[in-house]
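What follows draws every value from the coordinates through simple rules; no lab data is involved. If you're wondering where the values come from, they're calculated on a predicted model, not measured in any experiment. All Cβ positions, glycine included, derive from the backbone under ideal geometry; neighbour counts span all protein chains shown.
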Amino acid sequence: MLTEILDLKEQAIEAIKSVYDPEIPVDVWELGLIYDLKVFPINNIYVQMTLTSPNCPSAEQLPEEVKEKLKGIAGVNEVELELTFEPPYTQEMMSEVAKLELGFM
């Protein structure tokens, strides 16, 4: 059971990594926009995410795209996505991969 949850979590991360902010050539996982990702034993997924700013032009598109990618994983029952702006997003939340890609390192 634990192995299945870990496998599903890895699949979820890979699915999220296929979603890119249209203004930044880096995926939302590496940007640090995903604050929390939980996989429950009944194959339900919970994601808490933010946007680079509350006024982000992709405010409706990005969360929906993340949700759709997760729903597309075989065996996933439900996906709950919570959008939050607490704590506010900062560039420090980016992975080293994102910082390198954007020239911050």
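Considering the chain at the alpha-carbon level, its Rg and Dmax are found to be 13.7, 41 Å. Note that segment 57-73 has calculated 3J(HN,Hα) couplings of x, 9, 4, 8, 5, 4, x, 5, 5, 4, 4, 5, 4, 5, 5, x, 6 Hz, one per residue in order, obtained from phi through the Karplus relation 6.51 cos²θ - 1.76 cosθ + 1.60 (θ = phi - 60°); glycine and proline are x. Between amide H atoms placed 1.01 Å from N, distances below 5 Å from VAL26 occur with ASP21, all of them 5 or more places distant or on a separate chain. Note on LYS67: lysines with a C-alpha under 23 Å away, same-chain residues under 8 apart excluded, are LYS9, LYS17, LYS38. Here the calculated FRET efficiency for LEU81 and LEU102, from their Cβ-Cβ distance with R0 = 22 Å, stands at 0.30, rounded to the nearest 0.05. Each 5 Å bin from zero holds the following percent of Cα-Cα pairs in segment 17-75: 4, 17, 30, 26, 13, 7, 3, 0. When the GluC sites (Glu not before Pro) in segment 33-105 are filtered for DSSP coil states and for at most 15 other beta-carbon atoms within 10 Å of their beta-carbon, the remaining sites are GLU60, GLU78.
Among PRO63, PRO22, PRO87, the residue with the largest mean-square fluctuation in a Gaussian network model of the chain, with springs joining Cα atoms closer than 10 Å, is PRO87.
Computed from label points 7 Å out along Cα-Cβ, the spacing between GLU23 and ASN43 is 3.7 nm. Each of SER58, SER18 was scored by other Cβ atoms within 10 Å of its Cβ. Arranged with the fewest first, they read SER18, SER58.
Placing unit charges on the Cβ atoms only, positive for Lys and Arg and negative for Asp and Glu, gives the chain a dipole magnitude near 100 debye about its Cα centre.
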